[in-house]
Amino acid sequence: MEYSKDKTPEADDLEALVESGDEGAIRRFLTLLHPADLAILFDTLDRDYWPRVVQFLDTAEISDLMEELHDHLRDDLAELLKPDQLVDVFEEMASDDAADVIADLPDDMAKAVLEGIPDEDRQDVEALLKYEEDTAGGLMQVELVAVPETATVERAVEIARSVSEDVEEFHQVYVIDEGGKLTGTLGLDRLILAKPETLVGDLADRDLYVVHPDDDQEEVARMVKRYDLVSVAVVNAEGALLGRILHDDIVDVLEEEAAEDMLRMAGAEEPELVYTNRVFKIASVRLPWLLATVGGGLVSGVLLWQFKVTFPTLLTLLTFVPVIAAMGGNIGSQSSTIVIRGFATGHIDYNNLGRYLTRELAIGSMMGVVLGAVLGATAQLWHGDPKLAFVVGLSMTLAITASALTGVLVPFFFRVIKVDPAIAAGPLVTTANDVMCLAIYYGMALMIL
């Protein structure tokens, strides 16, 4: 079946088909859709059409759809299914996907599903549910191919065939010792091409890339990206093989972390709420940062009032306030974004932060001198006052330099106190820089004029 980005349907197309009542056309339409495209379509499809569409999907298709849906839509879909049908849907899923979806369901529904699925599957899912969602344990699946290092290639192939129905996708087999400890890996290409009587232990690659269940998902994604891994093994403290994490889950992690950083820069501390219909909850998440902005704006207003009181005959000073404040805010946001991204990708840590601080300070000083000279020259040409031009130019230079410094130090401060530094790149840094720039400008004017 061919899938194309140019053939992705719209929700209106499906709604029109449902209204037509042509069951054959509806079924053909749904059959042609990839589960990911169907999930996108469900995201925009009117909820009134959901029950009428779901009845045309079989258990496997519903299972695939539920895996692809956004977290906040999964429980909505689950509510449309009968208890026994919901159990069948979860039996179709890999252990990691089942654990992820069950974790998003209401407690009573999750309990009913766990009680309904077979004992072996339930034990696997319950074991995964013990781990935090954003850890390696929360990402891993227990379905894999593990063979003893004393087995022959022929026996290893037999083992792989025997579990192939449960293990949907694998590119290598894991080699273990008698105690279940991971000792190596063996790619399918080498396994297939080797002589049947060769021992697996003689072919295994002993260079292991492993993570532990409590490792943060960002660290796992960083390892997979750095070493171009298709999958990564999860082991316990003793080195025993627990499960594996596949590349598709890593792609989801990278997308999720990037989305979280971007949303938190906008002051949304809980990104998963942004696209739901919980209006009051979303407002309560975003409101504190807007209140902080209001507070900073009031401080800026006080400083502007002080300009009027202190320099009643030099109101020309006010004409440069927007430029200095805006440039300081922009520079601070740029610096903080670079540092936050550096923290996320591992390019910046506590060891090399000083080097980046020095670099941003040098860059800020350089840009401050250039922009200060331009704004000072503009003030001279506009108002013909050398002292005013000097104050404006010097204030711009100091404001940009200080903003670059703040853009580095504020995210670092949040990192030290164990708060996601992405949250500092939104209203907080911008407002703080506005106040700081105005304070510098007012101070320079007070000293010189």
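Listing for the model above:
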{"item": "Any pair with Cβ under 8 angstrom, 6 or more apart, that starts in the stretch 49-60 at a residue that is assigned by TED's automatic domain parsing to the domain that holds D84 and ends at one that is part of a loop (DSSP other than H, G, I, E, B)", "result": "W50/L80; P51/L80; V53/L45; V54/L80; V54/L81; T59/E92; A60/E92"}
{"item": "Every residue from the stretch 137-174 that is surrounded by fewer than 21 Cβ atoms within 10 Å (Cβ to Cβ), assigned to a helix (DSSP H, G or I) and not charged (D, E, K, R)", "result": "V157, I159, A160, S162, V163"}
{"item": "Selection count, the stretch 305-330, where residues are assigned to a helix (DSSP H, G or I), among the hydrophobic types (A, V, I, L, M, F, W, C), surrounded by 13 or more Cβ atoms within 10 Å (Cβ to Cβ) and modelled with pLDDT under 75", "result": "1"}
{"item": "In the stretch 212-239, residue surrounded by the most Cβ atoms within 10 Å (Cβ to Cβ) [restricted to those that are in contact with a helix residue (DSSP H, G or I) (Cβ under 9 Å, 6 or more places away or on another chain) and under 17 Å from K130 (Cα atoms)]", "result": "V234"}
{"item": "Residues (in contact (Cβ under 8 Å) with a residue 60 or more places away in the chain and assigned to a helix (DSSP H, G or I)) located in the stretch 383-404", "result": "H383, K387, L388, V391, V392, S395, M396, A399, I400, A402, S403, A404"}
{"item": "Verdict on E61 being among the acidic types (D, E) and either within 16 Å of E79 (Cβ to Cβ) or surrounded by 15 or more Cβ atoms within 10 Å (Cβ to Cβ) (or both)", "result": "yes"}
{"item": "Residues of the stretch 334-382 classified as aromatic (F, W, Y) and not in a helix (DSSP H, G or I), total", "result": "1"}
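Residues checked against (1) closer than 20 Å to L38 by Cβ; (2) part of a helix (DSSP H, G or I):
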{"site": "L57", "(1), (2)": "yes, no"}
{"site": "L81", "(1), (2)": "yes, no"}
{"site": "D84", "(1), (2)": "no, yes"}
{"site": "D88", "(1), (2)": "yes, yes"}
{"site": "K111", "(1), (2)": "no, yes"}
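The values are calculated or read from the model by the stated rules, or taken from the named source; none is laboratory data. Just so it is clear, the model here is predicted, and its values are computed rather than measured. With ideal geometry, Cβ positions are generated from the backbone for all residues, glycine too; neighbour counts draw on all protein chains shown.
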